[in-house]
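Where a number appears in this text, it was derived from the coordinates with a stated rule and is not lab data. Here the structure is a predicted model, which means the values were calculated and not measured. Neighbour counts are summed over all protein chains in view; Cβ atoms, including those assigned to glycine, are modelled from backbone coordinates with ideal geometry.
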Amino acid sequence: MLVAVAVAVVGFLAVAALTQLQGYRLGGTIVVPVLAVYTLKNLVTLPVFVLSTAVAYLGLAVLKRRTLYYGRTELLATLVVGSVVPLTILLTLGSLAGEGFREVVFVGSILPGLAAYNYHQLRDEYVTQDLTAAVLLYLVLVALGGALVSPRFVSTLGALTPPVLYAETADVAILRGAVVETLPEPPVVGRAVAVGVFGLGMVLAERVRARFGVRVGVIALALLALYALASVWLLALYALTFLLGFAFLELVHRTTLLYGRVLVGLTAAFALLVALPLVTALPILRGLSAFFVAILGGIAAYSLHVTPPAERVASFPLQVAVFVPLVFLARLVAEPYARGVPQELSLPVLVLGAVLTVGSLLLVRAVLVPLPDDESVLRASILSGGGEA
C-alpha cells in the first residue's frame, strides 16, 4: 500500500498544483492518480478506461444535443454511460480473473464518466493542452510506481503495509519480479450483487439530494456498504480519515485562499497519508480496499465542507438513513467475512437498523426544511401558469 499511496499522493498534489497555477481540469481531481495506481495493479485498466471514456464522451455529446440535461443530471448520466463498458466486462469476464481485477474494474468504472464530463466542460481550444498535461502526468506516475516496485524494496515497501502493488495479483510486481506472497483476497460479494448495490446507492443518494439538498455521496455509501461485509475496520478507517480530513480542510481553508478542486486534491492526499499509520494500527488486510476507502473519506470531508453550515447537522443522519438499508440489502444476498458486519440479520439487528433509519429521517425532518419537489414549484410558479396567474 505504501507505493500505491506514494503514487496517488504525488498525483493529487500535482493535480492540485496544475489546477491552481494553470487552470487544468485533467479529467477530474482523482482520475489520473487513481488510474495510474489501477494500471500498475492491472494493465487492462488502461484500454478499458480509454474505451469507456470515449463511449462516455460521445454519449454525453448525444445527450446534450437531444435532451435538456445539464449540471448534476448531466454528470450522473455520463457516469452511467461511462460505466457500461467496465461493468459489462465485470459481469461477463470477471470470473476469469482474480479479485484484484474485479475490484479495479468495479471501482474504476466511475473514472471514465468523470473524465468525459470534465472534458466536455472545456472549450475546444483547451482540450488538447489539458489532455496532453493529463497524459504526461499519468506517464510520470506510472513510471514512479514502476520504479518503486523493485526486488530491492520488497522487504520494506512491500512488507510494511498490505502489499497492493507488490501482491501476486499486481501486474507491475509480476513484471518487475517483486512479488510478495499473500493470502488471496476473496470477493466481497458477487458481481451482480455489487452492481445492484452500486446502482441502488446512486438512486438513493440522488433522491436524498433532490429532497433535502444535502450531499451524501453518489457512490461512497454503496461502496462502504459492500466493504462493511468484508471488515468493520474499513468503516473505522473511513470515519477516521473523514474526520481528520475535514479538520485538515478547515485549517487549510481558513489560512489560505485555496478552494474547489485544489482543496479536493489536498484533502485526498492528506487522507491517504493519515491512512497509512491507521492501516498498520488496525487489523486491515485488504490494502486496495483501504486505499480507496481513504480517498472516499477525503472526498466526503470536502462534501461536508461545501455543505452550508445550517445543513451540515443533517449530513450524518442522512448518510445513516441511506447506508443502513444498503448494508442490509447486501447482507440479505451475501455472506459477510469474519470481521464483516452485520454477521446475522437477527430480529434485534433488524429492529436496530429500522430504528437508526427511521430515527435519522425524523431527526432530519426536525432540523431541516425539505426542498419542495419540482411539481410543487411548477404549480406555484406564475411562469408556468400556476400560483395566482
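Numerical summary
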{"item": "Positive-end extreme of charge dipole, the chain - chosen from 110, 291, 85 (charges on Cβ)", "result": "110"}
{"item": "Charge context of residue 314, other residues only, Cβ under 13 angstrom, K/R +1, D/E -1", "result": "+4"}
{"item": "The range 6-23 residues near the modelled residue 136 label - backbone nitrogen below 16 Å, point 7 Å along Cα→Cβ", "result": "11, 14-23"}
{"item": "Label of the coordinate-derived value, Rg and Dmax of the Cα atoms in Å, listed as (i) 19.9, 57; (ii) 21.1, 64; (iii) 21.1, 78", "result": "(iii)"}
{"item": "Computed label-point distance, nm, for sites residue 174 and residue 316 using a 7 Å Cα→Cβ extension", "result": "4.5"}
{"item": "Rounded to the nearest 20 debye, dipole of the range 195-375 from Cβ charges on Lys, Arg, Asp, Glu", "result": "260"}
{"item": "Residue 43-residue 247 pseudo-label distance in nm [points 7 Å out on the Cα-to-Cβ vector]", "result": "4.4"}
{"item": "Size of electric dipole in the chain: Cβ of Lys, Arg +1 and of Asp, Glu -1, about Cα centre, debye, nearest 20", "result": "260"}
{"item": "Extreme residue, positive dipole direction of the range 1-185, given options 175, 21, 37 (C-beta unit charges)", "result": "21"}
{"item": "Length released on extending from residue 147 to residue 70, taking residue separation times 0.36 nm less the Cα-Cα span", "result": "23.5 nm"}
{"item": "Positive-pole candidate from 76, 380, 320, dipole of the chain, charges at beta carbon", "result": "380"}
{"item": "GNM result for the chain, Cα springs below 10 Å: residue of 169, 53, 92 fluctuating most strongly", "result": "92"}
{"item": "Residue 346-residue 17 pseudo-label distance in nm [points 7 Å out on the Cα-to-Cβ vector]", "result": "5.5"}
{"item": "Computed FRET value (nearest 0.05) for residue 280 with residue 367, which takes r as the C-beta separation and R₀ as 35 Å", "result": "0.35"}
